[in-house]
Amino acid sequence: MSTRPLRVLQVIPGIAARYGGPSRVVTALSGALAAHGLDVLVASTDADGDGRLDVPLGDVVPFEGTRAIFFARRGGDGFKYSPDLARWLRQTVGQFDVVHIHAVFSHASIAAARSCWRHGVPYVLRPLGTLAPWALEQKRWQKRALLRVAGRRMIARAAVVHYTTEAEARLTESTIGATRRLVLPPGLGDEWLGQPVVPAAEREPIVFALARLHPVKNLEAAIGAFHLLGEAARAWHLVVAGDGETAYRQHLQALAAAGPAHDRISFPGWMDEATARAWLARASVFVQPSHQESFGVSVLEAMASGVPVVIARGVSLAEDVERAGAGWVTAPDHASVAEALGAAIGSAGERSQRAAAARAMAAAFTWPATAARLVAVYEQVARDPRMYRAS
């Protein structure tokens with residue numbers, strides 16, 4: 001193989017900050033790979049919810065610490081249809097050694113896989129939890145149709161399927177069968193791990209949630225639990241940060257307004273990373289009761305900030321959190337979440353102990369280590385996709 005840098009294309013349907021962890025991971029990962037000497041480019045659409053990212057189209061530009069190229073999304077936000085991106089992929093994919101596709105049920109992902117088949121370029125597929133049982137039951141008929149048309153072939157022909165936890169791999173393979181799996185979590189940057197942690201005793205009585213406002217996040221359970229806690233949480237405040245579709249945001253706000261804790265639940269909206277870090281430096285507990293979560297980047301960021309977490313078992317990090325004693329793991333119903341939050345709120349000593357465990361657990365997730373492993377995988381599949389062996 002030539003001594004030139006390995007050329008890697010990262011394809012993701014949408015990379016706006018509102019899409020949460022997957023967006024942050026792709027930009028940070030691309031920067032970490034470039035630091036290892038790879039030639040990395042991100043290709044995406046200009047999707048940003050109902051709006052559009054303010055970015056040039058069709059030209060390579062700097063974006064969030066990496067190089068990216070954007071194409072117009074047509075139509076609604078769900079499928080992120082972009083014929084311009086598909087055309088560029090057909091014309092350009094052959095120039096890359098490896099393609100890393102993030103997501104399955106999207107036009108960009110399908111177009112990327114088809115272009116790889118056409119040009120004989122190996123690709124790594126990161127399903128982002130979309131193939132787990134709970135996710136497949138949402139919009140069931142549309143997803144079955146997409147699996148039949150292209151999805152199953154996309155999965156079968158991937159050189160590697162990239163999962164972020166063993167739990168995600170098990171759940172996904174329970175629905176689609178065995179894959180050539182890579183289990184590799186994302187990392188954290190110095191902006192999270194290089195900062196001093198505010199001691200638990202100096203924090204405010206805030207339960208903090210940071211998520212894309214979407215039904216999968218099950219924020220109804222966090223709100224319902226806060227109402228159920230009643231006087232036990234009288235001095236506490238629930239902050240639900242994030243953004244999503246207007247109707248769903250209004251639904252959550254109505255739930256918050258309809259119970260006894262209505263004056264102690266707030267929705268500050270979407271936060272940039274610096275603002276989120278500032279809130280995590282104040283909060284005493286982080287909550288994420290998701291029905292299903294392929295990893296939980298915001299959970300990891302909370303733990304890196306020294307905040308113990310209350311998470312549902314559908315979050316793939318749950319087993320690790322439970323093993324490390326880094327928080328409380330619960331069922332996703334309102335009563336169970338209320339019980340776990342009550343335990344967290346009720347004991348300053350437990351919060352302090354679990355906060356220390358959370359920080360120690362998060363410190364094991366670094367971008368240099370993640371990027372080094374992924375570089376080795378890319379090199380293997382670029383030489384011959386059949387060479388990859390799970391490790």
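Need pairs with beta-carbon distance below 7 Å; first residue outside any helix (DSSP H, G or I) and within region 16-44, second buried (at least 19 other Cβ atoms within 10 Å of the Cβ) and among the basic types (Lys, Arg); sequence gap 6+ or separate chains.
Qualifying pairs under 7 Å: 20/212.
So which of 337, 329 is modelled with pLDDT of 95 or more and not in a helix (DSSP H, G or I)?
Being modelled with pLDDT of 95 or more and not in a helix (DSSP H, G or I) holds for just one of 337, 329, which is 329.
Check residue 129 against each of (1) under 19 Å from the mean Cα position of the chain (by Cα); (2) open to solvent by 10 Å² or more (accessible area, probe 1.4 Å); (3) at positive phi and name the one condition it does not meet.
Checking residue 129 against (1) under 19 Å from the mean Cα position of the chain (by Cα); (2) open to solvent by 10 Å² or more (accessible area, probe 1.4 Å); (3) at positive phi, the one that fails is (2).
With 70, 105 as the choices, which residue is buried (at least 18 other Cβ atoms within 10 Å of the Cβ), part of a loop (DSSP other than H, G, I, E, B) and touching a Leu at 6+ places or on another chain (Cβ under 8 Å)?
Details: 70 fails: part of a loop (DSSP other than H, G, I, E, B).
One residue alone meets the criteria, 105.
Within region 193-209, which residues are closer than 24 Å to residue 289 by Cα and assigned to a loop (DSSP other than H, G, I, E, B)? Reasoning before the result, please.
From region 193-209, those closer than 24 Å to residue 289 by Cα are 200, 203-209; that's our starting set.
The answer is 203, 204, 205.
Quick check on my filter: what residues within region 280-313 are surrounded by fewer than 24 Cβ atoms within 10 Å (Cβ to Cβ), farther than 17 Å from residue 363 by Cα and within 19 Å of the chain's Cα centre (by Cα)?
291, 313
Being in contact (Cβ under 8 Å) with a residue 60 or more places away in the chain, among the hydrophobic types (A, V, I, L, M, F, W, C) and out of contact with any His (no Cβ under 8 Å at 6 or more places or on another chain) is the requirement here; does residue 247 meet it? Before the answer, list the steps.
Working: in contact (Cβ under 8 Å) with a residue 60 or more places away in the chain: no; among the hydrophobic types (A, V, I, L, M, F, W, C): yes; out of contact with any His (no Cβ under 8 Å at 6 or more places or on another chain): yes.
So residue 247 does not fit the description; no.
Report, by residue number, each residue of region 108-139 that is under 23 Å from residue 74 (Cα atoms) and assigned to a helix (DSSP H, G or I).
Answer for region 108-139, where residues must be under 23 Å from residue 74 (Cα atoms) and assigned to a helix (DSSP H, G or I): 108, 109, 110, 111, 112, 113, 114, 115, 116.
Of the numbered conditions (1) more than 15 Å from residue 207 (Cβ to Cβ); (2) open to solvent by 10 Å² or more (accessible area, probe 1.4 Å); (3) within 17 Å of the chain's Cα centre (by Cα), residue 317 fails exactly one; give the number of that condition.
(2) is the only condition that residue 317 fails.
Here's the yes/no breakdown for (1) at pLDDT below 95; (2) touching a Pro at 6+ places or on another chain (Cβ under 6 Å):
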site: 222; (1), (2): no, yes
site: 236; (1), (2): no, yes
site: 246; (1), (2): yes, no
site: 256; (1), (2): no, no
site: 264; (1), (2): no, no
site: 282; (1), (2): no, no
site: 289; (1), (2): no, yes
site: 292; (1), (2): yes, no
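Residue pairs, Cβ under 6 Å, 6 or more apart or interchain, first in region 258-271 and of a type in the set (S, T, N, Q), second modelled with pLDDT of 95 or more and open to solvent by less than 40 Å² (accessible area, probe 1.4 Å). List them.
Listed pairs, sorted by first residue: 266/239.
Does any residue of region 179-192 turn out to be within 28 Å of residue 77 (Cα to Cα), part of a helix (DSSP H, G or I) and touching a helix residue (DSSP H, G or I) at 6+ places or on another chain (Cβ under 9 Å)?
No: zero hits.
Considering only residues that are within 19 Å of residue 30 (Cα to Cα) and not in a strand (DSSP E or B), look in region 86-102 and name the one that is most open to solvent (accessible area, probe 1.4 Å).
Going residue by residue through region 86-102, those that are within 19 Å of residue 30 (Cα to Cα) are 89, 92-93, 95-102.
Now narrow it down to the ones that are not in a strand (DSSP E or B): 89, 92-93, 95-97.
Values: 89: 0, 92: 16, 93: 1, 95: 102, 96: 12, 97: 28 Å².
Here the answer is 95.
Listed here are the residues, each with its yes/no results for (1) outside any loop (DSSP other than H, G, I, E, B); (2) under 23 Å from residue 21 (Cβ atoms).
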residue: 57; (1), (2): no, no
residue: 76; (1), (2): no, yes
residue: 79; (1), (2): no, yes
residue: 84; (1), (2): yes, no
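Could you grab the pairs with beta carbons closer than 7 Å, sequence gap of 6+ or different chains, first residue in region 64-82 and of a type in the set (D, E, K, R), second one assigned to a strand (DSSP E or B) and open to solvent by 20 Å² or more (accessible area, probe 1.4 Å)?
Between residues of region 64-82 that are of a type in the set (D, E, K, R) and residues that are assigned to a strand (DSSP E or B) and open to solvent by 20 Å² or more (accessible area, probe 1.4 Å), the close pairs are 67/60; 73/81; 74/81; 77/50.
Okay, residues lined up against (1) open to solvent by 70 Å² or more (accessible area, probe 1.4 Å); (2) more than 26 Å from the chain's Cα centre (by Cα); (3) among the hydroxyl-bearing types (Ser, Thr, Tyr); (4) over 14 Å from residue 205 (Cα atoms):
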{"residue": "234", "(1), (2), (3), (4)": "yes, yes, no, no"}
{"residue": "238", "(1), (2), (3), (4)": "no, no, no, no"}
{"residue": "248", "(1), (2), (3), (4)": "no, no, yes, yes"}
{"residue": "264", "(1), (2), (3), (4)": "no, yes, no, no"}
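Just to check your reading of the model, which residue among 316, 290 is touching an Asp or Glu at 6+ places or on another chain (Cβ under 8 Å) and not hydrophobic (A, V, I, L, M, F, W, C)?
The conditions single out 316.
Restricting to region 204-233, what's the tally of residues that are among the small types (Gly, Ala, Ser) and more than 27 Å from residue 49 (Cβ to Cβ)?
Keep residues of region 204-233 that are among the small types (Gly, Ala, Ser), which gives 209, 211, 221-222, 224-225, 230, 232-233.
Next cut, more than 27 Å from residue 49 (Cβ to Cβ) only: 225, 230, 232-233.
So the count comes out to 4.
If I filter region 3-26 down to residues being hydroxyl-bearing (Ser, Thr, Tyr) and under 12 Å from the mean Cα position of the chain (by Cα), which single residue comes out as least open to solvent (accessible area, probe 1.4 Å)? Walk me through it before giving the result.
Within region 3-26, the subset hydroxyl-bearing (Ser, Thr, Tyr) is 3, 19, 23.
Cutting the leftovers down to under 12 Å from the mean Cα position of the chain (by Cα) gives us 19, 23.
Numbers: 19: 34, 23: 5 Å².
The qualifying residue least open to solvent (accessible area, probe 1.4 Å) is 23.
The values are calculated or read from the model by the stated rules, or taken from the named source; none is laboratory data. Being a predicted model, the structure only gives us computed values, none of them experimental. Quick reminder, even Gly has a Cβ in these numbers, built from the backbone with ideal geometry, and neighbours come from all protein chains shown. Areas reflect the complete protein model, heavy atoms only, side chains present, ligands, DNA and RNA absent. Shrake-Rupley method; radii C 1.70, N 1.55, O 1.52, S 1.80 Å.
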